Amino acid sequence: MTLDQLGKSVSEQFAKAYGRPPRWLAAAPGRVNVIGEHTDYNDGFVLPMAIERYTVIAAAPSSPDSKKVRIQSSVGDAPVSIDLGHPLKPAKKGTWYNYPRGVLAGFVARGMMPAGFDALIHSTVPLGGGLSSSAALEVSTATLLEAITGKTLEPVEKALLCQKAEHEYAGMPCGIMDQFISVMGRQDHLLLLDCRSRKTELVPMTDSSVELLITNTNVKHELTGGEYAKRRAQCEEAARALGVASLRDVEADTLERARSKMDPVAYRRARHVVGEIERTLHAAEGVRASNWPTVGQLMYASHASLRDDYEVSCPELDAVVEIALSIGPKGGVYGCRMTGGGFGGCTVALVQAEKVGAISERLAAEYEKKTKIKPTLFTSRPAAGATVLKAG
Ligand code: GLA
């Protein structure tokens, strides 16, 4: 389904739910991170792309002078009501509407107060799959609020507003990658983001002989559970022990020299981050040169480091990567790794486009045999970032 078709279908769902057509329609994509994992909150580099999976929100004004926002999701939960006449606060932890609530709060704080409206949200980004369903929800809400208020934010400010919503309303101390790519994705490009300077470079990926194949292990990942925050704290501790502002400032040989004085866990966490930042820059060079075997090797190395040093993988993610390795370059697989925060969710594999059918079948069959879980597989071209669609 194209994005326009998806928008049309969400408009129809809105009309069914509220008895009138929407006036505004906004969409924001999920993402897959090709490489650069757990580097964003260490001021490092990341290389994600937006995927052709979106959160779409349709909305229309409610009665004149109303300060009420009604939001409903297409999965059929009861509509949620937010009163803009009162100061906004986070709702109960773990509720999905904390994301739009936090974004609304960010707009209100900037004096961009919308009048009351009714909204319906529909998402094709798998939830809890490590493909940034949360960022897609935040960024689509922000894009909708820009359309409603008629005022736009600078892309960096918009991404940071959404990140703040996630920190303060969802209690997840995420970095900046997911919101940046959902705002700034460009068709046929990866985004090389320097998370320290926030400078971005679009890296073209137009070679149609390769594709990125995403495998959802269908093991749900839960990042608000504490392990993510723990990793973040361990990195900060390692940076303190090394006497630097962040792990971005550490060279591999400096880290080796300091090893004996460091806590062994902090050392391994730091080794992952330092190595991953280097791998990400090499991979961006590899993509620019269409050097797929090199990019693939870097992806495997990234996975091994996330599994052994950073300890954020799980047996199901490892199983997909092992199967990918056993298919190998002869079978059309250049590389594979877990993607996103970890502890479940998805892998991303770089594969030869002409072999993607056979690779998918083999991955799915062998994964199910090993784990007794049915995976979900799909490919995506690098997609564009958030956008306002024509409503109605
Ligand atoms: C989650 C966070 C991101 C990033 C990744 C790991 O997706 O939201 O900010 O830290 O994990 O790379």
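In the range 141-159, which residues have a backbone nitrogen under 14 Å from the label point lying 7 Å from ALA109's Cα in the Cα-to-Cβ direction?
Counting only backbone N, you get 157-159.
Provide the FRET efficiency to the nearest 0.05 for the THR200-LYS230 pair, computing r from the beta carbons and using R0 = 22 Å.
0.15
Can you tell me the 0 to 90 degree angle between the C-alpha axis of helix 227-242 and the longest principal axis of the chain, rounded to 10?
60 degrees
Just want the ordering: ARG110, ARG248, from fewest to most Cβ atoms lying within 10 Å of their own Cβ.
Taking fewest neighbouring Cβ atoms as first place, the list is ARG110, ARG248.
Order these by the 10 Å Cβ neighbour count, fewest first: ARG53, ARG232.
ARG232, ARG53
Over the C-alpha atoms of the range 315-367, what are the Rg and the largest Cα-to-Cα span, Dmax, in Å?
Expressed in Å, the Cα Rg and Dmax of the range 315-367 come to 10.4, 31.
Which three numbers, in whole Å and largest first, are the semi-axes of the equivalent ellipsoid of the range 197-296 derived from its Cα gyration tensor as √(5λ)?
Semi-axes, largest first: 30, 20, 13 Å.
Given C-alpha coordinates of the range 145-253, what is the ratio Rg to Rh with the Kirkwood estimate of Rh?
Dividing the radius of gyration by the Kirkwood radius yields 1.02.
Taking the Cα atoms of the range 285-392, report the difference between the largest and smallest coordinate on each principal axis, in whole Å and largest first.
That gives 46, 35, 32 Å along the principal axes, largest extent first.
What's the angle, to the nearest 10 degrees (0 to 90), between helix 3-18's Cα axis and the longest principal axis of the chain?
Relative to the chain, helix 3-18 is tipped by roughly 40 degrees.
Pop the C-beta distance of ARG288 and ALA15 into the FRET formula with R0 = 41 Å and round what comes out to the nearest 0.05.
Here the calculated transfer efficiency is 0.35.
Taking N as the number of residues in the chain, what is its Cα Rg relative to 2.2 N^0.38 Å?
Details: Rg = 21.0 Å, N = 392, 2.2 N^0.38 = 21.3 Å.
Normalised Rg, Cα atoms only: 0.99.
Consider all pairwise Cα distances in the range 191-247 and report the whole-number % of them above 19 Å.
64 percent
At what distance in nm do the modelled label points of SER74 and LYS369 sit from each other, each positioned 7 Å from its Cα along Cα→Cβ?
3.6 nm
Under 18 Å between alpha carbons, and skipping anything fewer than 8 positions from LYS158 in its own chain: which lysines qualify?
Those lysines meeting the cut-off are LYS199.
Is there a pair in LYS89/LYS390; LYS93/LYS374; LYS68/LYS93; LYS67/LYS151; LYS93/LYS164 whose C-alpha atoms are over 20 Å apart, and which pairs would that be?
LYS89/LYS390; LYS93/LYS374; LYS68/LYS93
For ARG53, enumerate residues with amide H under 5 Å from its amide H, sequence gap 5+ or separate chain, H modeled in the peptide plane.
Distant-sequence amide H within range of ARG53: GLY30.
Could you compute the net charge surrounding ALA270? Neighbours are other residues with a C-beta less than 15 Å from the C-beta of ALA270; K and R count +1, D and E count -1.
With Lys, Arg at +1 and Asp, Glu at -1, the neighbours total -2.
Between LEU127 and VAL244, what is the FRET efficiency for a Förster distance of 51 Å, r being their Cβ-Cβ separation, to the nearest 0.05?
Once the sixth-power term is evaluated, E becomes 0.85.
Specify the angular offset, from 0 to 90 degrees and rounded to the nearest 10, of the alpha carbon long axis of helix 264-288 from the longest principal axis of the alpha carbons in the chain.
80 degrees
Report the rotationally averaged projected area of the range 91-214 based on its alpha-carbon convex hull, in square nanometres.
8.8 nm²
Taking Cα centroids, how far is the range 41-95 from the range 242-271 in Å?
So the separation of the two Cα centres works out to 39 Å.
Can you compute the helix-only [θ] at 222 nm over the chain? Use -39500 (n - 2.57) per DSSP H run of at least 4 residues, normalise by all residues, nearest 500 deg cm²/dmol.
My calculation for the chain gives -13500 deg cm²/dmol from helical runs alone.
Every number in this text was worked out from the coordinates using simple rules, so none of it is lab data. Worth saying up front: this structure is predicted, and the values here are computed from it rather than measured. With ideal geometry, Cβ positions are generated from the backbone for all residues, glycine too; neighbour counts draw on all protein chains shown.
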